[in-house]
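Visitor: Below you will find the structure I want to go over with you.
Please treat every number below as a calculation from the coordinates, not as lab data. Note that the structure is a prediction, hence the values are computed from the model and not measured. Using ideal geometry, Cβ is built from the backbone for each residue, glycine included, and neighbour counts are taken over all protein chains shown.
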């Protein structure tokens, strides 16, 4: 556990200015995870993939023109991605994600293919929302909460690129209340 903590701290410290103090660092839970949005996404993905495979099988069985055989391939690939691949993309993205709270800002280091840094000033940060589960884990969302009926407003289904314009979030954090309290205290100190 100690090497993981040091790696997390090191990844955030790379982004600090000389007078900035690291108050907290953490990571999202690792591995494959189901989310509330999967209650909608899994049935949808099974129907999509099932139909796409049925289409392709029918086209091959019916000796349809080559164009029709090619037409269904992207739909089968998308179907396989939404059934299986998105879970692995989500896990890989979280494996490369680090969170930090400093004396001046919130830092999110992430990126599936390249290193991306999201920085939010504590001075201008207005809405900070906590979602805590019974086991103490949860998420902290930065920005106004919007109502979405089926999914995470910040990255539906792990589709590559869908998080670019998403709301910043500390997602799937252990002991999330501790991080939330540190953020609130740091905001008070900034005033």
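Visitor: Within the stretch 51-84, how many residues are under 22 Å from residue 32 (Cβ atoms) and surrounded by fewer than 15 Cβ atoms within 10 Å (Cβ to Cβ)?
Guide: Number satisfying all stated conditions: 2.
Visitor: Tally time: how many residues in the stretch 18-53 are closer than 24 Å to residue 181 by Cβ and without any contact (Cβ under 8 Å) to a residue 12 or more places away in the chain?
Guide: Counting residues in the stretch 18-53 that are closer than 24 Å to residue 181 by Cβ and without any contact (Cβ under 8 Å) to a residue 12 or more places away in the chain gives 1.
Visitor: If you take just the strands (runs of 3 or more DSSP E) that sit entirely in the stretch 72-140, which of them hold at least 3 residues that are in contact with a strand residue (DSSP E or B) (Cβ under 8 Å, 6 or more places away or on another chain) and farther than 23 Å from residue 16 by Cα?
Guide: 128-132
Visitor: Which of the residues spanning the stretch 1-35 are in contact with a helix residue (DSSP H, G or I) (Cβ under 8 Å, 6 or more places away or on another chain) and surrounded by 15 or more Cβ atoms within 10 Å (Cβ to Cβ)?
Guide: First, pick out the residues of the stretch 1-35 that are in contact with a helix residue (DSSP H, G or I) (Cβ under 8 Å, 6 or more places away or on another chain): 22-33.
Matches in the stretch 1-35: 22, 23, 24, 25, 26, 27, 28, 33.
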